[in-house]
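The values are calculated or read from the model by the stated rules, or taken from the named source; none is laboratory data. Keep in mind the model is a prediction, meaning the values are calculated, not measured. Every residue, glycine among them, receives a Cβ derived from its backbone with ideal geometry; neighbour counts consider all protein chains shown. Surface areas here come from the heavy atoms of the whole protein model, side chains and all, with no ligands, DNA or RNA. Shrake-Rupley method; radii C 1.70, N 1.55, O 1.52, S 1.80 Å.
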Amino acid sequence: MASVNASALSPPARWDRRVWWIAGAVLVAGSAVRAGVDFSEVLNARGFSQFTDFFAAMVRPELEWGFVKLAIREAGVTLGFAVLGTALSLVLGIIGGLVLTERVWLSAAGSPTKRHWVWRLARVVIAVPRSMHEVVFGLILVNILGLDPLVAILAIGIPFGSVTAKVFAELLDEVPRDAEQTLRAAGAGRLAAVLYGAVPHALGDILSNGFYRFECAIRSAAILGLVGAGGLGFQLALSFQTLRYNEMWTLLWALILLSGLADRWSSIVRKRRKLNGVEMHATLSVNPPRRDPVLIASAAVFTVAVPALWWWLEADLSSLWSVRARTLGGELAAEAWPPQLGDEGLGGLVSDSVDTVALALLSLAIAWSIASLLAFISSRVDHKRTTPETLVRDCLGILTRFFLLIARSVPPPVWAFLAVFVLKPGLWPGVAALAVYNLGVLGRLQGEVVENIDDAPGEVLQASGASALGVATYATIPAVSGRFVALGLYRWEVAIRETVVVGVVGAAGLGRTISEQSARFDYDGILASIFALIFVTLLVDLASSNIRRTIR
């Protein structure tokens, strides 16, 4: 009877997947039409010389010692912002995760308590910072605190803390309830039972995720620098204004090196967690996982770096409640409330919102399609024996991983500035910038998926005489396709927020509107645009969650 029911349910599931694929194709095509499919009207041939000059400077960066020292110092500032922002996000994430985990709001029997509504409200409240890009926080905070290091730290820590809280809550919800129920039976309260019965199982994973957040924070710190927060991004903006490409590449190589080291560090930490048998979002055993020396040493280095970098950056928490901050904050709130629609009214805001969705969707469709191919080349393979073919495969893998590192290390606004050289203002410069950036991110994540798949089915097919194409068709691709789609949907959610950072170069959408409103200090208009961005982000998050649930 069970098999009959399963087979009866499978056709609707397959049909749901087809509906989503068809809907996705229609939306991508509609986005392309909205951006403009006549490239004779989009391309700017006169800008190709500047475009090629920029990449020619890649191999001859500015190496004058004074400028190199400046690059080293600004790299330290960017690193400090990333470390301190990540530390704040971990603190906020652990606290928020305890609030968001549903098991705190359930009785010992597992039924909702009278205060279960608090959990639902907390999920909505904590989702709001996750819907806003770090640049939005930076623009708000810089008007209150000025050029203070706390601007970048808070702008990274608050939205990243919201993301970390969601991840931590999901980890806690997946932990078996045995130890927690034993503590509850012994008279422990709900929170105490979760703290001592569930948190030890998930703490290692949240620290592992924290190192991944640190890797992302370096890129966010560079982007915040482009809007005036300091660090490598700020110097990049200054060099770009005068088209000093050699200086730009000195700064970019420093950023690429910093990002590469962070990528490698976080990758090692996550792989060690996997070797210990504890993976993110996996079913955990009743006994807490054994301690890993690499994770402990990494956490110790990070812990020592936090106070050292806080002192070096001269960050001062008292500036948050200074008279100046309170005065400017009050004035900003008074000017921003109530939110006001611009000259184009609600229709203009809706049009910008549609452009934002189209920009993100089109860029992700391009990035995901290319990354899905490059992932198989960039993945690391353990060869049983070395042959000329395996050497060629390894060299191609190294070159591909290096290309992907550059793609994700260069901030999207820089890619957008370059795109403006060869593309006229509109959706396409933003699409190109976010496509290249997300190609780097997705290529890395999807490459790890390929590395982590079970090789046994493919080896069985190969032993049976199947060709390489047959192994890929019937073993490798089915094993990775679900994760590839899930990663693409996740990055679509992120790309909605990232549209803000390419608005500074005229890419259509809410990002450009916010940039223009910031230039004329139209704070009530900015607030209306931010509300629209939050609404669009939450809507995309909801759609993405439903799609993932359907294809799971």
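Remarks
- Highest mean first, the peptides 120-129, 225-234, 485-494, 517-526 sorted by other C-beta atoms within 10 Å per residue fall in the order 225-234, 485-494, 517-526, 120-129.
- Largest-first ordering by accessible area, 1.4 Å probe, given options SER544, SER515: SER515, SER544
- The packing ranking of peptides 141-154, 68-81, highest mean first, is 141-154, 68-81, where packing means the average number of other beta carbon atoms within 10 angstrom of each residue.
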